[in-house]
Amino acid sequence: MSLKLYNSLSSKKEIFKSISDKRVKTYGCGPTVYNHLHIGNYRTFVFYDLLNRVLQMNGYETETAVNITDIDDKIIDRVNHEKLSLKEITSKYESSFIELSESLKILPNSYNPKATDYVELMISHIQDLLNEDFAYVSNESVYFSVDKDQSYERFVNLKKDDMDFSDVNPDKKFIGDFVLWKSWTEKDGNIFWDSPWGKGRPAWHTECAVMIKDLFNGQIDIHCGGVDLKFPHHENECAQVEVLCKNFLSNYWLHAEHLTMDDIKMSKSLGNVINVSSLIEDYGYDVVRLFLLSAHYRTKVSFSQKKLEECKKMTEKINRFAKNFTSDIKSIDLKFSNEHDLFIDALNDDLNTPEAIGIFFSFISEMNKKIAKNSINDSDKEKSLVFLKLFNSIFDILDFGNLHNHKIPKEVQDLLVSRQEHREKQDWKLSDSIRDKIESLGWYVEDTASGQKLLKKK
């Protein structure tokens, strides 16, 4: 099956066709670095990673950009609250974003451009819009005139006069006009840049537009983001680039749905967020990553401890299955059979991860039956190894380097079960004695929030 993606511009699945033959340029809206990111944020970033991996699975070379917003009202509020510099605040939370992305096995991007590095280009871009009469100056701020963009309302089925605009400002000619350059106010303190219109700072919509112009000459294959960015952010990106460049900013627009808490979007302002690092510490990156990929990216998902526990059992089942094979998985060539093709077809159908996971687990069940009957042959083993490698190229939850290092003796397994039973009875003396016995056999036990962890002594 050819790769099909749901394009928000057309509201339907379309066969993907890249601008260049085998090279795909993608841009995803990144974090505003004023606080630690929550699990809802990372659903979007893991979705970017999924797209990147599926494109690579289809033989494309990917060139990816995810921006860092380090100029914003929320950042200025944080600066004022913590009495730190802009750089001190943004560096702290940018580092946190990168570290957690690495922990979740998100592939590094080609570019992570920062807004502060693009201010001069943004000023030049805004001046171009003024020169072409697509923008106007009002009270030292600069606004884009949406009436000058005949294609405005790409993502919404509304007329301009019916759109819900939150930024009611008497300085604007039309309520829907959006700010390109924000004039300085006293609360901004020493955070400002000089411009032909007075001191101030660029606005958010301008940031992404200018980065795409600079990095990709104003045209990309795929633009990604959360569904809440469709309007007005992505609408406003398109408007200011397309009136100047006379081409579509992006051929495909993909939007990920929210991760919710009690059916309400996770938001730091609402205080209903879940800390990512704590989840990774309690469950492991593999469980968290599988949880984020277990639902289709266009499906709204409610955060659930029960779902995390289900994903924990799933990762354990995958690991148990993988440990049946002793071949070096990295040396196996990807020669696909029908089962593998079904998996690939599911992913090529608009990144359908639930279906792909289901196909993979059906295969595992089939092979486990053969293993139980001791009837698995060399062909089955090869198919299994290929499928494991294929699955992991997308989901990346297996550490192949440690899969086959240590076979746990049955005596140790039985002791581990017994120890857990005694711990549940709060028989700490006996559980400690069992732990000592396990250690004498060359293993040791770590007690974590997600349960016992067995490690081989070096």
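The values are calculated or read from the model by the stated rules, or taken from the named source; none is laboratory data. Worth saying up front: this structure is predicted, and the values here are computed from it rather than measured. Quick reminder, even Gly has a Cβ in these numbers, built from the backbone with ideal geometry, and neighbours come from all protein chains shown.
Say whether the condition of being more than 30 Å from ILE191 (Cα to Cα), among the charged types (D, E, K, R), buried (at least 21 other Cβ atoms within 10 Å of the Cβ) and in contact (Cβ under 8 Å) with a residue 24 or more places away in the chain is met by at least one residue in region 28-51. Yes - at least one qualifying residue is present in region 28-51. Cβ-Cβ contacts under 8 Å between residues 6 or more apart (or on different chains), taken from a first residue in region 172-199 that is in the same structural domain as VAL210 (by TED's automatic domain parsing) and at pLDDT 95 or above to a second residue that is of a type in the set (Asp, Glu) and surrounded by 15 or more Cβ atoms within 10 Å (Cβ to Cβ), are listed as SER183/GLU140; TRP184/GLU140; TRP197/GLU140; GLY198/GLU140.
Within region 78-97, is there a residue that is of a type in the set (D, E, K, R), in contact (Cβ under 8 Å) with a residue 40 or more places away in the chain and exposed (fewer than 14 other Cβ atoms within 10 Å of the Cβ)? The answer is no; no qualifying residue exists. No other residue among GLN150, GLN127 is over 15 Å from the mean Cα position of the chain (by Cα), over 26 Å from SER278 (Cβ atoms) and in contact (Cβ under 8 Å) with a residue 40 or more places away in the chain apart from GLN127. When region 169-190 is filtered for residues that are assigned to a loop (DSSP other than H, G, I, E, B) and basic (Lys, Arg), the ones remaining, listed by number, are LYS172, LYS173. Could you figure out which of (1) modelled with pLDDT of 95 or more; (2) assigned to a helix (DSSP H, G or I) isn't true of ASP228? Of (1) modelled with pLDDT of 95 or more; (2) assigned to a helix (DSSP H, G or I), only one is false for ASP228: (1).
Would you say THR326 is within 22 Å of the chain's Cα centre (by Cα) and either modelled with pLDDT of 90 or more or assigned by TED's automatic domain parsing to the domain that holds ASP380 (or both)? So THR326 fails the test.
The set of residues in region 81-91 being at pLDDT 95 or above and among the charged types (D, E, K, R) consists of LYS87, GLU88. From the residues in region 61-77 that are closer than 30 Å to ASP21 by Cβ and touching a Leu at 6+ places or on another chain (Cβ under 9 Å), which one is surrounded by the fewest Cβ atoms within 10 Å (Cβ to Cβ)? Checked region 61-77; the qualifying residue surrounded by the fewest Cβ atoms within 10 Å (Cβ to Cβ) is GLU61.
Taking region 106-154 as the range and being among the aromatic types (Phe, Trp, Tyr) and out of contact with any Lys or Arg (no Cβ under 6 Å at 6 or more places or on another chain) as the test, the residues that pass are TYR111, TYR118, TYR136, PHE144, TYR152. Hey, can you tell me all the residues within region 105-160 that are of a type in the set (A, V, I, L, M, F, W, C) and part of a strand (DSSP E or B)? Selection gives ALA135, VAL137, VAL142, PHE144. If I ask for residues that are without any contact (Cβ under 8 Å) to a residue 12 or more places away in the chain and among the charged types (D, E, K, R), which ones from region 98-124 would you list? Residues satisfying the conditions are GLU99, GLU102, ASP117, GLU120. Quick one: in region 197-234, which of the residues that are acidic (Asp, Glu) and crowded, with 21+ Cβ neighbours inside 10 Å is nearest to ILE68 (Cα to Cα)? The qualifying residue nearest to ILE68 (Cα to Cα) is GLU207.
The combined condition, being hydroxyl-bearing (Ser, Thr, Tyr) and surrounded by fewer than 19 Cβ atoms within 10 Å (Cβ to Cβ), is not fulfilled by SER101. For region 191-225, the set of residues classified as over 16 Å from SER124 (Cα atoms) and either in a helix (DSSP H, G or I) or not hydrophobic (A, V, I, L, M, F, W, C) (or both) consists of PHE216, GLN219, ASP221, HIS223, GLY225, listed by residue number. Applying the criterion of being of a type outside the set (D, E, K, R) and in contact with a Leu (Cβ under 8 Å, 6 or more places away or on another chain) to the residues of region 142-162, the residue that is modelled with the lowest pLDDT is PHE155. Residue count for region 236-266, restricted to those that are surrounded by fewer than 16 Cβ atoms within 10 Å (Cβ to Cβ) and either at pLDDT 90 or above or not in a strand (DSSP E or B) (or both): 5.
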